[in-house]
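Down below is the structure, laid out as structure tokens.
The values are calculated or read from the model by the stated rules, or taken from the named source; none is laboratory data. Keep in mind the model is a prediction, meaning the values are calculated, not measured. In this analysis, Cβ positions are derived from the backbone assuming ideal geometry, glycine residues included, and neighbour counts consider all displayed protein chains. The protein model used for the area step is the full one, side chains on, heavy atoms only, and it has no ligands, DNA or RNA in it. Shrake-Rupley method; radii C 1.70, N 1.55, O 1.52, S 1.80 Å.
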Amino acid sequence: KGMPDYKYDTKYNMFFPRMHSIDPQHKKFYEAYVNPNRRNAVRDPYTEQIIPNFGENLDFFFSYQINWMYFRYFMWNFAGRQNDIQGHGNSYHGNWECGIPFIDKLRLGDSSDLPPYLAENKARNHYYMLPLILGLIGLLYQYRKDKRNFIVVMLLFIMTGLAIIVYLNQPPFQPRERDYAYAGSFYAFAIWIGLGVYAIYDAIRKKIPETTAAAVVSAVCIIVPIQMGAVNWDDHDRSHRYFARDLAYNYLNSCDKDAILFTGGDNDTFPLWYAQEVEGVRTDIRIVNTSLIQAEWYIDQMKHRQYGADPVPFTIARDHYISGVNDIISVREVLKEPQTVDVVIEFLTNPKYHLQTQRGELVGYIPTRNVIVPVNREVVLQNGLVPEKSADRILDTIVLSISKDDIRKPDMMLLDLLKNNNWERPVQFVSLGGDWRVDFKNYLQFEGFTHKLVPLKPSEINDQVELMIDADNLYDKLINVFHWTNMNRPGIFIDHNLSLTLTQVLRIRDMYARAAEALLQEGKKEKAIEVLDSLMVRMPTYNFPCNISALGNDVPFLSVIRLYYSLGEQEKADALVQEFYEATKKNLIFFSQRRDGGEDFEWNLSYLQYLASILQSHNEELAGKIYETFISYVPDARYGSREY
């Protein structure tokens, strides 16, 4: 009732549409399934893009949604797995691989020259299709012997597998592999595996005594789970691994006393809750999850004391943040001049300034794109938000800009916090990602695993705002505070999952490199060397490869090499260069032979180019050797003239 009646143009309607997302990255992926030369194509009147027809939607459904997003996961469990690197369609990341050479070579190409990061991946598990064969035997046996129960198991198999694919209609580029979504389907197939063992027993017991048949079948078939357990052990063994706990400890200890810490998704938040709840780590910090802060019950919780942390100073009345109210707040520039945060909150909450909608409702809005937050200089220094050495850089106000036409509830609550906090408590952020519409990034200081909002004039180099760093503070955290339990233990399981281990290594290497760079700029060379040495001891390359091509960007490791040279540590730098160079050469050999390896090939080629540029003024002989390799893959290149 009261909702508008939407009418759709029938020429855009079709049976079973699959390609639906308006995300630009998704649309680019969809283009591979759409024929641009198709006659009588229907085009979107706004974008002029061709609307996929029924056949093209079916192609996407079967090749991507069924084959890539279900059958691949199914085969991981019953045929074998290539590695644990998330794949988006190429032949060397995240495919199923059974270990039978002619089958794998036919599907994925020659794997005899895999680079180390792929060949040594512990999740490269081959089952030789043995579980699959047993399951198919069981499926046929049950169909022949017990059709009623076969239908029950088949329904379980389909409804928890293929039916979910149809229902979810997943777009491409999922943030993580989704195999866990179909666990019920894999359980159903496991029933058939069990029946397959009985089917073999039932077939041979007629020819030999039943006791002997049972013993023979048990002895032969138990090889399958034993083999699976053996190859899966090393990439499922979490013993001696404390990385998630240590990250939580380090996140919390990146914060100042009594900080309000904004986190993003589950992975940023749950380990921190554990650290506070179970181990009592930094209970003075109040964690605010931006995904949950859209719910009124969560905002209510923030207004109460928790452990040793005071309430978050939210003062907006509950009527303004209950579900369905101010989820999206429009920006209307009725006031051209920047306004203080008090005025902005007044426009949001005071009915005197509200606008009336077509349905007669009164709604608040943001009256300006530039929000001023006053700065209490004495309070800032008194609470240690800014060190005395930076006192002359403290601003009287900071200005937060809003570039989009609306803000969301988390932005509203952040503005309310800044209005009331008066710089009494530090405000810090775990991640700069998410959908923040209020831009505060120019006033952030790098604290290791968090960024702190500080009222300092931003540093600018080459007209680019640089991330501010308190070098001495970050040095102390890296050397004396942060925990890295067993990260240098040989053989510890290091995985490629989204938020754990290898993907975090780039961030950690970058953090150490930033700290060393800041210390070097301040002339503190001994401390800078200590920081880099600490990184290489705590996260050695035998556990964390120096060139993890799958992650797309290994510049932090190259920054470590560059800094070692700048600090006069020639021997250490040369050793790392040689190791990185050898790994990159192997990557180039492999990717140059793959039709779908272009992106990784170009990444590795750009690493060599960057490495040669670093070495030019430090080791000409080694630079020449690396450059020769570079031009051997790009014969027409001139050093420094081509970007990748």
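Can you flag which of 477/527; 303/419; 457/524; 452/477 are past 19 Å Cα-Cα? As for pairs spanning more than 19 Å Cα to Cα, those are 457/524.
Along its three principal directions, the equivalent ellipsoid of the range 278-344 from the Cα gyration tensor extends over semi-axes of 29, 15, 11 Å, largest first.
When both bridge partners sit in the chain, DSSP labels roughly 70% of those beta bridges antiparallel. Most tightly packed first, judged by the mean number of other beta-carbon atoms within 10 Å of their residues, the peptides 319-329, 447-457, 397-407 read 447-457, 397-407, 319-329. Annotation for residue 628 and residue 232: the two label points, set 7 Å from Cα along the Cα-Cβ direction, are 4.9 nm apart.
Taking Cα centre as origin and charging only the Cβ of basic (Lys, Arg, +1) and acidic (Asp, Glu, -1) residues, the dipole magnitude of the range 345-398 rounds to 200 debye. Over all pairs of different C-alpha atoms in the range 548-624, the reciprocal of the mean inverse distance, the Kirkwood hydrodynamic radius, equals 12.8 Å. What would the Debye equation give as log₁₀ I(q)/I(0) for the range 306-372 at q = 0.23 Å⁻¹, counting only Cα atoms as equal point scatterers? So the normalised log intensities work out to -1.05.
The trypsin sites (Lys or Arg not before Pro) of the range 131-212 meeting both criteria, a DSSP state outside H, G, I, E and B (loop) and at most 11 other C-beta atoms within 10 angstrom of the site's C-beta, are 176, 206, 207.
Between residue 522 and residue 602, the FRET efficiency from the beta-carbon distance, with R0 = 30 Å, is close to 0.25. Listed by chain and number, the aspartates and glutamates whose alpha-carbon sits under 19 Å from that of residue 147, ignoring those within fewer than 8 places in the same chain, are 202. In the range 211-348, a dipole from Cβ-located charges (positive for Lys and Arg, negative for Asp and Glu) runs towards its positive end, and of 288, 315, 215 it is 215 whose Cα lies farthest in that direction. Each 10 Å bin, from zero up to the one with the longest distance, holds this percent of the alpha carbon pairs of the range 479-531: 21, 42, 28, 9.
Using Cβ point charges alone (K and R +1, D and E -1), the dipole size of the range 254-337 about the Cα centre works out to roughly 180 debye. Taking a point 7 Å from the Cα of residue 283 along the Cα-to-Cβ direction, the residues of the range 310-350 with backbone N closer than 13 Å to it are 310. The range 357-375 and the range 495-547 have Cα centres lying 44 Å from one another. Cα-Cα over 30 Å: which of 441/625; 122/145; 7/404? Pairs exceeding 30 Å: 441/625; 122/145. Accessible area per residue for the range 170-282 is 50 Å², calculated with a 1.4 Å probe on protein heavy atoms, without ligands, DNA or RNA. Basic side chains Lys and Arg get +1 at the Cβ, acidic Asp and Glu get -1 at the Cβ, and with that the dipole of the range 251-405 about its Cα centre reaches some 320 debye.
Peptides 529-536, 35-42 ordered by packing proxy, namely the average of other Cβ atoms within 10 Å per residue, highest first: 529-536, 35-42.
In this structure the amide hydrogen of residue 468, modeled in the peptide plane, comes within under 5 Å of the amide hydrogens of 444, 446, none closer than 5 places in sequence on its chain. Only one residue of 254, 557, 140 has its Cα farthest out toward the positive end of the dipole of the chain, where Lys and Arg carry +1 and Asp and Glu -1 on Cβ, and that residue is 140.
What a 1.4 Å probe finds exposed on the range 1-127 is 56% carbon and sulfur by accessible area, rounded to a whole percent. Peptides 100-108, 254-262 ranked from most to least packed by the mean count of surrounding Cβ atoms within 10 Å: 254-262, 100-108. Entry note, the chain: the mean residue ellipticity at 222 nm calculated from DSSP H runs of n ≥ 4, each adding -39500 (n - 2.57), is -13500 deg cm²/dmol after division by the residues and rounding to the nearest 500.
The tail of the calculated P(r) for the chain beyond 50 Å holds 24 percent of all Cα-Cα pairs. Rolling a 1.4 angstrom probe over the range 473-626 with all protein chains present gives an accessible area of which 48% lies on carbon and sulfur atoms. With a simple spin-label model that places each label point 7 Å from the Cα along the Cα-to-Cβ direction, the separation between residue 406 and residue 537 comes to 5.4 nm.
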